[in-house]
Structure formats: structure tokens, C-alpha cells
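The values are calculated or read from the model by the stated rules, or taken from the named source; none is laboratory data. None of the values given here were measured: they were computed from a predicted structure. So basically every Cβ, Gly included, is an ideal-geometry build from the backbone, and we count neighbours across all protein chains shown.
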Amino acid sequence: MASHIGRRKFLAALGGAAAAWPLAARAQQPAMPVIGYLSPTSLAMLSVGRLSKFHQGLKETGYIESENVAIEYRWADGQFDRLPALAAELVRRQVSVIVTGANAATFAAKAATTTIPIVFTLAEDPVKLGLVASLNRPGGNATGINFVSGELAAKRLDLLRDLVPAAARVAVLVNSADATATETTLRDVETAARAIGLQVQVFNAGTSQEIHAAFAAMARERPDALFLGSDPFFTGRRVQLATLSARHAIPVLSQAREIVEVGGLMSYGANIADAFRQTGVYAGRVLKGEKPADLPVVQSSRFELVINLTTAKALGLDVPDRLLAVADEVME
């Protein structure tokens, strides 16, 4: 009898162990990789198209959010001084890769870690910014996409002169919270403006209220056009910028087509949405084991000119046929 009870206990124990085996096997499976997404803006401010393009790039390399990769988003909501703490959070979370949008987020990530891979999306040359050793062999823990926006100031001003031939004074709107981007924008714009005889007046805005204040000042100064700095904050506030520029009849020139889509006059620059797609591809390649040090920085080689013909007519501007002929898109 005793041996019979003992055998029952043994079988029960064996059954319990067998039931536990699948749990143990599951526990040994690798955890889902985690991407840390660090942005100086907010989800509401970031163009939905850009984020969906990032997800598209991930999908091209076999990764789908919540299925086989997790994404931890950290938004600074325009408060650039929050970026170092947000980057430190992602490092403590031990994410597999940090994806950054804009200069300030990339600098914050680089300062927070020298080991976790970083994939950036930048408007400026990362070699000049000191983020990589060279474009072909970045060498450290960072690589990414350079959509070459900051260096196109001269071309944008030439296009502005074609479209607004009477322009003599140009307002430049920058966000001084991003000191590096502001310094580059002003240096390039002032040099290019001087070469074609344009006067430049600088305005600063890093909040919605400051944008209103800047336009109030422009209403007094009456510049002939507004040149927007290459800052994701301005893309995020595109509806406000387009509305105020229409109200004050100031032609707006941007690097981002999204501003033209909502009523800005003209944009010239790389396809930034596609740069975000390429960032997703690179993040996926890093998750598969490739090293940022060996992944060349991708530089945009194709630039698009987008003109809003409806806005031009509202401003009383005749768009020259030669501009219409070379424009990649004319919105009516």
C-alpha cells in the first residue's frame, strides 16, 4: 500500500514537472528586442507620415512593432533640456538600439552611451558635427541618415529670388534651443544672402507663443519673405506657421514639403519621409547584428522642389514658367 501511494506521488510530481517544462522552455527564448526612439518634439508634432515611414523601413528588414520588436518612445515635447535625462532612461532600459531625430537628440544619446548602437536622422553633416569619424566608416556606435538640408541655404535663396524677384529683406526664423542647428543655419543663410545682395533679419521661436511673437515683430518690420530654419519644431508647428504667414502675407520658404502642403509657398530639400524609412531599415540591420561602425552614413542625393500655386496666387506672385518646369510637384 505504501509503495502504491509513493508511486502515485512520484507520478504526480512527474506530471507537475512536465507541465513546468513548456514554461521553462518559453523562459529560455530570447526576449523581444527593444528600440529606444528619442525625439526633441512630441508625437503630435511629428508628421504622421514620417513615423509611418520609419515603421515601413523596419518592416522591410523583417520587424513589426509589438510582433517581434518593441519600441520605447521618449518625447521631449520641444523642451531640449529634457533630452539628456530621456536618453539616460533609455540606456538604463538597456534598449538594443537608440533611434534619434535631429541634432540635439543625437548629441544627448551620444553623451549617454558609447556602447548602445545609435541610428540618427540629421539635416547636417555628421562629420562636421563630430558624431562620426567619416561618412564611409563612422567608426563609433553611431550611424544613420543625413538628408543634407542645412547645406542647401544658397539654393533655397536663389529659388526665392526667382519667385519673389523684388525681395530685398528676408526674415530667418530659428529655434535657438537647438544651438548647433541655429549656428549652421545662420552662417549658411547670411553668407548666401550677402552673395546675392539680400538683407537678413533673425527671429527666434521655440514655443507656439514665441512663433506668434515673432510674426507680430515681422508685421512691424515687413520682411519680403520668411526663411525657416531646418528644425523639426517648425515642421511640427506647420499649420500655425502657414496660417500666420497667410494672415501677414509673408511668403514662406522651407526645407520641408509638409509646410507647403498646409499652405507654405515653397520648399526645397531632400525627401525627409524617405530618410525616416531608411532610418528604419538601418535600425533593423543593427538589430540583426550589423555594427554602426561599419554601416556608411546614407546621404540624400535627390532633392525636390515643391511649390504651392494657390498660395502664390493669394500672395499676388506669378510663378515663372522655368520654375514650374523644374518643380517636382506643384500644388493647386
I want to confirm something. Restricting to the range 188-203 and keeping residues that are under 24 Å from the mean Cα position of the chain (by Cα) and modelled with pLDDT under 95, which single residue is farthest from residue 161 (Cα to Cα)? 188
Take the range 47-72 and flag every residue that is crowded, with 16+ Cβ neighbours inside 10 Å and of a type in the set (Ser, Thr, Tyr). 47, 61, 63
Only one of (1) acidic (Asp, Glu); (2) assigned to a helix (DSSP H, G or I); (3) within 19 Å of residue 256 (Cβ to Cβ) does not apply to residue 124, and that is (2)
Test set (1) touching a Gly at 6+ places or on another chain (Cβ under 9 Å); (2) small (Gly, Ala, Ser); (3) surrounded by fewer than 18 Cβ atoms within 10 Å (Cβ to Cβ) - residue 123 fails condition number: (3)
Somewhere in the range 97-110, is a residue of a type in the set (D, E, K, R), without any contact (Cβ under 8 Å) to a residue 12 or more places away in the chain and surrounded by fewer than 24 Cβ atoms within 10 Å (Cβ to Cβ)? no
The lone exception for residue 78 - which of (1) under 19 Å from residue 279 (Cβ atoms); (2) within 14 Å of the chain's Cα centre (by Cα) it fails: (1)
If the requirement is being over 21 Å from residue 224 (Cα atoms) and not basic (Lys, Arg), which of these qualifies: 270, 256? 270
Unique residue being surrounded by fewer than 20 Cβ atoms within 10 Å (Cβ to Cβ), in contact with a helix residue (DSSP H, G or I) (Cβ under 8 Å, 6 or more places away or on another chain), at pLDDT below 95 and hydroxyl-bearing (Ser, Thr, Tyr) when the list is 230, 208: 208
Return the residues of the range 139-159 that are part of a loop (DSSP other than H, G, I, E, B) and either surrounded by 24 or more Cβ atoms within 10 Å (Cβ to Cβ) or of a type in the set (A, V, I, L, M, F, W, C) (or both); say none if nothing qualifies. 147, 148, 149
Can you tell me how many residues in the range 117-144 are of a type in the set (Val, Ile, Thr) and modelled with pLDDT under 95? 2
Do you know which of the residues in the range 276-303 that are in contact (Cβ under 8 Å) with a residue 40 or more places away in the chain and surrounded by fewer than 16 Cβ atoms within 10 Å (Cβ to Cβ) is nearest to residue 251 (Cα to Cα)? 299
Out of 91, 99, which single residue is of a type outside the set (Phe, Trp, Tyr), part of a helix (DSSP H, G or I) and touching a strand residue (DSSP E or B) at 6+ places or on another chain (Cβ under 9 Å)? 91
Select from the range 274-332 the residues that are within 20 Å of the chain's Cα centre (by Cα) and of a type in the set (Lys, Arg) and write down the one among them that is farthest from residue 131 (Cα to Cα). 302
If a residue must be closer than 18 Å to residue 145 by Cβ and modelled with pLDDT under 95, how many such residues does the range 65-104 contain? 4
